[in-house]
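The values are calculated or read from the model by the stated rules, or taken from the named source; none is laboratory data. In this text, all values refer to a predicted model and were calculated from it rather than measured experimentally. Methodologically, a virtual Cβ is constructed for each residue, glycine included, from the backbone with ideal geometry; neighbour enumeration extends over all protein chains shown.
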Amino acid sequence: MSDAPIGIYDSGFGGLTVWREIRRALPDESLIYLGDGKNCPYGSLPEQRVAELAEAAVRRLMDEGCKLIVVACNTATAAAIEHLREMFPAMPFVGLEPAVKPACLRTRSGVVGVVATERSLSGRKFLATVARYGGGKRIVTAVGRGWVEAVEADAEQAPETERRVREVLEPVIAAGADIIVLGCTHYPFLRPVIERVIGDRDIEVIDSGAAVEKRVESLLDAHGLRASAGHGAVYRFLSMADGDYCERLRRKAFADEVVRQEKNDYI
């Protein structure tokens, strides 16, 4: 057993969708969330720069005593997860990748839509997953341009955001996709808008949040790292930006909940 915290890292707000899944399923576990904020979005940054940012974030979480780290950012996973595992072999890592495998297994039309960042869609892990599971399927990809920025600006319900979502999704839907994979952890914040754009068309929308949580549980058990039953979980928020960004992370995470928290920190 270990009452040390689980670290969760993302370029900004997006990984909070994973944070929520882990908190819901593992209420005894303390969580430290690091949302970069300063360098977000990562989607069009050079791979080497993303890897440098990811390494700095992981070192910070390790300094905080984290027992396991979730790279809750598809772009950072694509650019850096192998490097991180080589750099820190004693640390259990969970990375993300678009849910292409379940989408390919569940599609009825044989057409799968994947919306992600430029870096994720060109990453080796994504291409290898498509090659492995996409046989006989048509994979239609699209970059969610402006989607991360809308979430970071708390502008999910803005008319301009719906226009951007529609602009990205309509060609994917027109191509015959009956299942759409959200390949960035920011994108689930846009589900209400996505569902409005889809309307009454029979299209399923999936993301990786629940699968990541299950992988976290598996690694905690494999390494004997579960928190003790009834442990008073503490939730902290860090950022590469400033205290205001940390407060925004907290508000986004908890919404109207009143939860025991420690004072927010920032780097």
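Hand me the list of strands (runs of 3 or more DSSP E) wholly inside the range 30-121 holding 3 or more residues that are crowded, with 23+ Cβ neighbours inside 10 Å and more than 13 Å from the chain's Cα centre (by Cα).
111-116
Only residues that are assigned to a loop (DSSP other than H, G, I, E, B) and either in contact with a Lys or Arg (Cβ under 7 Å, 6 or more places away or on another chain) or among the small types (Gly, Ala, Ser) (or both): list them for the range 6-29, please.
Ser11, Gly12, Phe13, Gly14, Gly15
Right, Cys104: over 14 Å from Gly7 (Cα atoms) and at pLDDT 95 or above or not?
yes
Since Glu118 meets every condition but one in (1) in contact with a strand residue (DSSP E or B) (Cβ under 8 Å, 6 or more places away or on another chain); (2) at pLDDT 95 or above, which condition does it not meet?
Single failed check for Glu118: (2).
Which one of these is farther than 24 Å from Arg20 by Cα and in contact with a strand residue (DSSP E or B) (Cβ under 6 Å, 6 or more places away or on another chain): Ala99, Ala142?
Ala142
Output the residues belonging to the range 122-154 that are in a loop (DSSP other than H, G, I, E, B) and of a type outside the set (Ser, Thr, Tyr).
Across the range 122-154, the qualifying residues are Gly123, Gly134, Gly135, Gly136, Lys137, Gly144, Arg145, Gly146, Ala153, Asp154.
Take the residues in the range 145-154 that are of a type in the set (Gly, Ala, Ser) and either surrounded by 15 or more Cβ atoms within 10 Å (Cβ to Cβ) or over 20 Å from the mean Cα position of the chain (by Cα) (or both), then tell me which one is farthest from Pro192 (Cα to Cα).
Checked the range 145-154; the qualifying residue farthest from Pro192 (Cα to Cα) is Gly146.
Go through the range 225-267 and report how many residues are more than 18 Å from Ala57 (Cβ to Cβ), acidic (Asp, Glu) and either buried (at least 18 other Cβ atoms within 10 Å of the Cβ) or modelled with pLDDT of 90 or more (or both).
Total satisfying the criteria: 2.
Can you give me the number of residues within the range 67-111 that are acidic (Asp, Glu) and out of contact with any Lys or Arg (no Cβ under 8 Å at 6 or more places or on another chain)?
Residues in the range 67-111 being acidic (Asp, Glu) and out of contact with any Lys or Arg (no Cβ under 8 Å at 6 or more places or on another chain): 2 in total.
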